[in-house]
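Just so you know, all these numbers are worked out from the coordinates, no wet-lab data involved. Since we're looking at a predicted model, the values are computed, not measured. Here the Cβ is made from the backbone with ideal geometry for all residues, glycine too, and neighbour counts use every protein chain on show.
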Amino acid sequence: MSLLVVGLSHRSAPVSVLERASLVREQQAKLVQDSLAAEPATEAAVLATCNRIELYADVDKFHAGVAELSTLLGRHTGVGLDELTPYLYVHYEDRAVHHLFSVACGLDSMVVGEGQILGQIKDALALGQELHTAGRLLNDLFQQALRVGKRAHSETGIDKAGQSLVTFGLEQLAGDTPVADWAAGRSALVIGAGSMSSLAATTLARAGAAELVIANRTLDRAGRLADSLAGLVDGARAVPMDAVAAELPHADIVVSCTGATGLVLTADLLREALDRRAERLAAGATGAGTAETVALLDLAMPRDIDAAAHRVGGLRLVDIESLAEASADEPMAADVDQVRAIVSAEVAAFGAAQRAAHITPTVVALRTMAADVVAGEIARLDGRLPDLDERQRAEITQTVRRVVDKLLHAPTVRVKELASTPGGAGYADALRELFDLDPQAVAAVSRADANGVNPSGGGAGRPGTAALQNDPKRGRV
């Protein structure tokens, strides 16, 4: 296995750098395509969230791979390589697997245990499949990461250790008051209609928000989200993005999470909204939209809301940067240790399965060669003993095949067992050398396997749980 990951996250880089390094989907697609075009990489996928960007690749040269992937990250993010390099981390082979499995379980999230990362891993895999940049290794890796993440959430209490960024952000705004009590009866404006915005809207509706407005560039999408909340809140409605300025003076809570590259809410726009809000209150406005302080939650990366809002009276802003600071003080749950054990076991299992799969083409090629030898000898027997009847010929053929199968059974089973151990790749080389197997025949089996064809006729294997493996150390560029 030659898996390499190069990336940066909230654990390695300040939010100011992450904000500049964020990539929209079109940029992510170009990044993986360029990674595949680079000489060291044969497969590539990118995992990009609001607090991480990681490039995964199957490479044939470690140092060249690190250099190329780092350069591509710098080029596509627009952050100079000299500036980016101190914040990059590198994981290779089993350590790369351990990292992704930990990410999938929420162990590496800003809010430990949050489950949204599973959807983002699924999106990363879907993009790689759509662009045909994810081959057998990355397909196996990401699909297994999804299974490991789901296992961690179903078998442990990791969900109690953390929550989504939405819930965590709202808790920061609510302070010591439960979110349900704090949001009840208030008017909320949600800007954006993606997965994070949808979660925010649903959370606020369930918390008892009196009014809920969804603003989005695509009005139909905002309308579908508003319709889905009809059973939770009476005042759910959709508006176009250009109506945000008109809606701001009426909102007690504003949540923004768009894919915009510039600011959605500037400090000047917010000051104007506060002035109009003051006029409403002076005129005797009552009910929703009259809270003393307007609560702003910015979950976008790059940011949607001007950081200068922190200094505007009448506003309370929580953004990714303040969430990162707050999450550093969150206690770790006891279940985290159990999840780490699951991750270590699954890493060991995945590595063993990959090493075993590496020798399969050699074993298949060996059995194919043996079958050809049997067929050749039977044909030779037909020429020497043409008077054999069908029953006799069939009995001889079956006997010869049984002898060959019995001779090959023990060594092929044993070599598969040995290949699953660390350093087991050498057994495939030994088998090819001992039986003088044609390298082209082995390569043909490998290509068929990579294309989803199982030459041996069996079902495709999936890694399971195996012995525990020590946590790997983190590398640095």
*asked:* Taking 45 Å as R0, compute the FRET efficiency from the Cβ-Cβ separation of Leu281 and Thr261 and round it to 0.05.
replied: 0.85
_So if the hydrodynamic radius of segment 290-386 is defined as the Kirkwood radius over C-alpha pairs, what does Stokes-Einstein give as its diffusion coefficient at 4 °C and 1.567 mPa s, in µm² per second?_
62
*Kirkwood hydrodynamic radius (Cα pairs, Å) of segment 335-426?*
16.3
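Kindly state, to the nearest 0.05, the FRET efficiency for Asp176 paired with Gln143, given R0 = 41 Å and r defined as their beta-carbon distance. Please list the in-between numbers first.
Values: r = 42 Å, r/R0 = 1.04.
That gives a FRET efficiency of 0.45.
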*List the extent of the Cα atoms of segment 174-217 along each of their three principal axes, largest first, rounded to whole Å.*
34, 17, 15
*Percent RCO, i.e. relative contact order, over segment 73-128, from Cα pairs under 8 Å lying at least 6 residues apart*: 16
*Quote the relative contact order of the chain in percent (integer), defining contacts as alpha-carbon pairs under 8 Å separated by 6+ residues.*
15
*Cut-off 20 Å (backbone N to label point 7 Å along Cα→Cβ of Thr399), residues of segment 346-387*: 371-387
_Cα point-scatterer Debye curve for the chain, base-10 log of I(q)/I(0) at q = 0.05, 0.08, 0.12 Å⁻¹_ = -0.27, -0.59, -1.05
*Would you work out which of Tyr89, Leu18, Val66 lies farthest towards the positive end of the dipole of segment 1-96, given +1 charges on the beta-carbon of Lys and Arg and -1 on that of Asp and Glu, about the Cα centre?*
Leu18
*Cα-centre dipole for the chain with unit charges at Cβ (Lys and Arg positive, Asp and Glu negative), debye to 20*: 800
*Could you state the per residue volume, in Å³, of the convex hull enclosing the Cα atoms of segment 49-116?*
100
*Work out the P(r) tail for segment 153-196: percent of alpha carbon pairs separated by more than 11 Å, whole number.*
75
*How long are the semi-axes of the ellipsoid equivalent to segment 356-406, from square roots of 5 times the Cα gyration tensor eigenvalues, in whole Å, largest first?*
28, 11, 6
*Grab the DSSP H runs of the chain that are 4 residues or longer, score each as -39,500 (n - 2.57), total them, divide by all residues and round the 222 nm result to the nearest 500 deg cm²/dmol.*
-17000 deg cm²/dmol
_Net charge within 12 Å of Ser164 by Cβ-Cβ distance, Lys/Arg positive one each and Asp/Glu negative one each, not counting Ser164 itself?_
-3
*Quick one: P(r) of segment 278-320 from all Cα-Cα pairs, 5 Å bins, percents rounded to integers, in order of increasing distance.*
6, 21, 23, 17, 16, 11, 5, 1
